[in-house]
Every structure is written in structure tokens, then in C-alpha cells.
Amino acid sequence: GAKGAGRNRHHCFTLAMEAEIQTRRALEQDLRAAFAADGLEIYYQPVLLAASGRLAGFEALLRWRHPERGFISPTEFVPMAEETGLIDPIGEWILRTACAEAASWPAPLRVAVNLSPVQFRNRGLVDTVRRVLAETGLAPDRLELEITETVLLAENAANLAALHQLRALGTRIAMDDFGTGYSSLGYLRSFPFDRIKIDRSFVSEMETHPEAAAIVRAIVDLGASLGILTTAEGIETDGQFQRLRAAGCDEVQGFLFGRPMPVGRARWLIGEAAVETVPVRRAV
Ligand code: C2E
Ligand code: MG
Ligand code: MG
Ligand code: MG
């Protein structure tokens, strides 16, 4: 009867959920094991000055190559690391590895490291950054910390204080994925960001949606009048790049210039860049 079918459906639903939870647990275990066995990697994506095409630095991006499933996207496993608390040790490892690497690059090349809002719950975050800078010898202004709006959600006073302390260390603070949240403009008023990273969703529609192009121009102008640098993310076409350059955007990042790459390839690119301006269309 209808009742039986309902019960059966409920049963199937529960089984499916249990299977999903099992898969998730297994993946969490795999992540923990991978981290413990040095199985996580950092890729570096070049960031270029829009006007000259010169290399400005790299963004450090976490990579996990699962033995059976291949590369798993950080958008999938970072939330998992956040839920399990693994993000604290992993985040510290990324910070230390990326800073040590950047310390070997010629100044003023900088490295950008993404910080999860969950890392801000850890009251030791500021001390960790201070210690890593001291240990690696990286000049603080060559480290840029990328945060998303979630960090400042609900006017979190403790997070705001931590941001000011990080800034006081001399690091640069960037707002990532700008424009995608609920109150992007409001957050610009609560903290003096050094940089705004214009979200890829606007950039990718610049050529097809005039309103996206207008929003990007407005963000660049806003940055200019507030003294905040702007970097556009996710540039894939020359048309997007030309529009961003015309808008006066300071820096650019995207597959057009280079995909996130293993550290060896990044070093090679830096070697090339030291002798000559990196052509903006160099295939990497
Ligand atoms: P994000 O910080 O906004 O990083 C930019 C993302 O855009 C990267 O994805 C990058 O590979 C991708 N991207 C860059 N240029 C292009 C382009 O031209 N086209 C397209 N389609 N994509 C482009 P990825 O590496 O998969 O990272 C996704 C997100 O995962 C990051 O977004 C960040 O929020 C998070 N994430 C990555 N690494 C870390 C990390 O070390 N720590 C933390 N907390 N989060 C991380
Ligand atoms: Mg980022
Ligand atoms: Mg982003
Ligand atoms: Mg993003």
C-alpha cells in the first residue's frame, strides 16, 4: 500500500544517506592520511601586473591527488578539512611551505595564501603567521593573505582584531571573490583592505554581459578612490584582458597567463622573468 511504499522510500533514502556519510568519512580518513604522509601539494598560479605584463607573484593553491580518484578539487576537500579541524595543521603547513618558497624568490615577488574563516577561530593564528615569517625570513609585505567575506560576517570583532594584528605584522590583506557575497561594500568600510580580488564570475561575463563589464569597471574605480589595489581573477580570453586593462585594473590572474603549476615550473618561470619581462601571452 501507499504506507509501505512510503516506508520503503524512507528506507532507501536513509540507505543513500548512510552510503554518502560512509563515502565522506572514508574521504576524510584519506585526507588525514594524505596530509600525514606529505601527500598534499601546493601549486602556484602566476599573478601579473596588468600594465606591463611583469610577474607580480603567485597564489598558492592546495592540491590533493587521491590514489584512486585522481585530483580532487579544493572546493570539495577544503570544506571537509574545515569541518574536521584538519584545516588548522594543513593551513599552517601551506603557510610555512609557501613562505619558505617565496623567501627564495627575488623581491618584490610575493606569495598569496588563502586563509579559511575557520582558521580565524584558532586564537593562535596571528602568532603562527608571525612565527612563520620569522622562521622563513620572508619580508612580511611579500606575504598576502586572502580572506573571504565570511571572515567578517556578523561583524565578528575577534576576527576583525586578528585582521588588524596580521596587518600590523606587515602582511597584506586581500578580499577574495569580491562581489559574490551579501555585503561586499559594507566590508570595505569595516577593514582597510590592501587588495580586492574581483571574482571570476564577473570577469567571465565581461565580453557577453555589458552589466558584468560595468560592475568590473565600477569595482576598479572604487578601489582606485579608496586606495585599494584590484586584481581580476579567472581571465581566460584576450578580450577580457583588454577590457580589464582599459578599466585600469592593477593585476591579472587566469588561465590566459598561466594555470596553477608545480613549484618547479614556477621557479623556472621566475628564472625567465628575471632576465626579461614575462610576455603576457607566454604559454605555461
Ligand atoms: P580562490 O582562492 O578564489 O582561487 C582561485 C581559483 O580559481 C583556483 O581554483 C584557480 O585554479 C582558479 N582559476 C584561476 N584562474 C582561472 C581561470 O582562468 N579559469 C578558471 N575556470 N579557473 C581559474 P582552485 O585551485 O580549484 O581553488 C578553488 C578554491 O579553493 C580557492 O578559490 C580557495 O577558495 C580554495 N582553496 C584553494 N587552495 C586553498 C588553500 O590553500 N587554503 C584555503 N583555505 N582554501 C584554498
Ligand atoms: Mg584566493
Ligand atoms: Mg578567488
Ligand atoms: Mg573562489
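Do we find that E211 is part of a helix (DSSP H, G or I) and either at pLDDT 95 or above or away from ligand 2 (no atom under 16 Å from the Cβ) (or both) in this structure? Full working, then the answer.
Details: part of a helix (DSSP H, G or I): yes; either at pLDDT 95 or above or away from ligand 2 (no atom under 16 Å from the Cβ) (or both): yes.
Yes; evaluated as a whole, the condition is true for this residue.
Looking at R217, R200, which one is within 16 Å of ligand 4 (Cβ to nearest atom), under 16 Å from Q240 (Cβ atoms), modelled with pLDDT of 95 or more and charged (D, E, K, R)? Give the derivation first.
Values: R217 fails: within 16 Å of ligand 4 (Cβ to nearest atom).
From the options R217, R200, the qualifying one is R200.
Hey, can you tell me all the residues within region 136-149 that are out of contact with any Cys (no Cβ under 8 Å at 6 or more places or on another chain) and modelled with pLDDT of 95 or more?
Going residue by residue through region 136-149, those that are out of contact with any Cys (no Cβ under 8 Å at 6 or more places or on another chain) are 137, 139-142, 144-149.
Answer for region 136-149, where residues must be out of contact with any Cys (no Cβ under 8 Å at 6 or more places or on another chain) and modelled with pLDDT of 95 or more: G137, A139, P140, D141, R142, E144, L145, E146, I147.
For R245, indicate whether it is charged (D, E, K, R), in a helix (DSSP H, G or I) and in contact (Cβ under 8 Å) with a residue 40 or more places away in the chain. Step through it out loud before you land on a result.
Details: charged (D, E, K, R): yes; in a helix (DSSP H, G or I): yes; in contact (Cβ under 8 Å) with a residue 40 or more places away in the chain: yes.
Answer is yes for this residue.
In region 221-248, which residues are surrounded by 22 or more Cβ atoms within 10 Å (Cβ to Cβ) and away from ligand 2 (no atom under 16 Å from the Cβ)? Break it down stepwise before answering.
Applying the first criterion (surrounded by 22 or more Cβ atoms within 10 Å (Cβ to Cβ)) to region 221-248 yields 223, 230-233, 235, 240-241, 244.
Residues satisfying the conditions are G223, Q240, F241, L244.
Can you name every residue in region 179-194 that is without any contact (Cβ under 8 Å) to a residue 40 or more places away in the chain and within 12 Å of ligand 3 (Cβ to nearest atom)? Explain how you work it out, then say what you get.
Of all residues in region 179-194, those without any contact (Cβ under 8 Å) to a residue 40 or more places away in the chain come to 180-187, 189-193.
Of everything in region 179-194, those that are without any contact (Cβ under 8 Å) to a residue 40 or more places away in the chain and within 12 Å of ligand 3 (Cβ to nearest atom) turn out to be T180, G181.
Give the residues of region 111-149 that are in contact (Cβ under 8 Å) with a residue 40 or more places away in the chain, assigned to a strand (DSSP E or B), touching a helix residue (DSSP H, G or I) at 6+ places or on another chain (Cβ under 7 Å) and within 16 Å of ligand 3 (Cβ to nearest atom), sorted by residue number.
V111, V113
Do you know which residues across region 154-176 are touching a helix residue (DSSP H, G or I) at 6+ places or on another chain (Cβ under 8 Å) and within 16 Å of ligand 4 (Cβ to nearest atom)? Break it down into steps so the answer makes sense when it comes.
Let us first name the residues in region 154-176 that are touching a helix residue (DSSP H, G or I) at 6+ places or on another chain (Cβ under 8 Å), namely 155-156, 158-160, 162-163, 165-166, 169-173, 175.
Residue satisfying the conditions is M175 alone.
P79 versus (1) surrounded by 17 or more Cβ atoms within 10 Å (Cβ to Cβ); (2) within 16 Å of ligand 2 (Cβ to nearest atom): which is the lone unmet condition?
Every condition holds for P79 apart from (1).
Taking region 195-208 on its own, how many of its residues are part of a loop (DSSP other than H, G, I, E, B) and either of a type in the set (V, I, T) or within 15 Å of ligand 3 (Cβ to nearest atom) (or both)?
Looking only at region 195-208, we keep the residues that are part of a loop (DSSP other than H, G, I, E, B), and these are 199, 204-208.
When the remaining residues are screened for being either of a type in the set (V, I, T) or within 15 Å of ligand 3 (Cβ to nearest atom) (or both), the result is 199, 204, 208.
Total satisfying the criteria: 3.
Out of all the residues in region 32-56, which are closer than 17 Å to R259 by Cα, among the small types (G, A, S) and assigned to a loop (DSSP other than H, G, I, E, B)?
A50, G53, listed by residue number.
Look through region 150-183, keep the residues that are in a helix (DSSP H, G or I) and closer than 21 Å to V78 by Cβ, and return whichever of them is modelled with the lowest pLDDT. Outline the logic, then answer.
In the first step, residues of region 150-183 are kept if they are in a helix (DSSP H, G or I); the result is 150-155, 157-168.
Checking the rest, the ones that are also closer than 21 Å to V78 by Cβ come to 150-153, 159, 162-163, 166.
Values: T150: 88, V151: 90, L152: 87, L153: 83, N159: 94, A162: 96, L163: 96, L166: 98.
Restricting to residues being in a helix (DSSP H, G or I) and closer than 21 Å to V78 by Cβ, the top hit is L153.
I'm checking my understanding of the structure. Among residues of region 57-73 that are modelled with pLDDT under 95 and assigned to a strand (DSSP E or B), which one is most open to solvent (accessible area, probe 1.4 Å)?
R65
The values are calculated or read from the model by the stated rules, or taken from the named source; none is laboratory data. Small disclaimer: the values here were computed from a predicted structure and weren't measured. All Cβ positions, even for glycine, are placed from backbone atoms using ideal geometry, and neighbour counts span all protein chains on display. Ligands, DNA and RNA are excluded from the accessible area calculation, which covers all protein heavy atoms including side chains. Shrake-Rupley method; radii C 1.70, N 1.55, O 1.52, S 1.80 Å.
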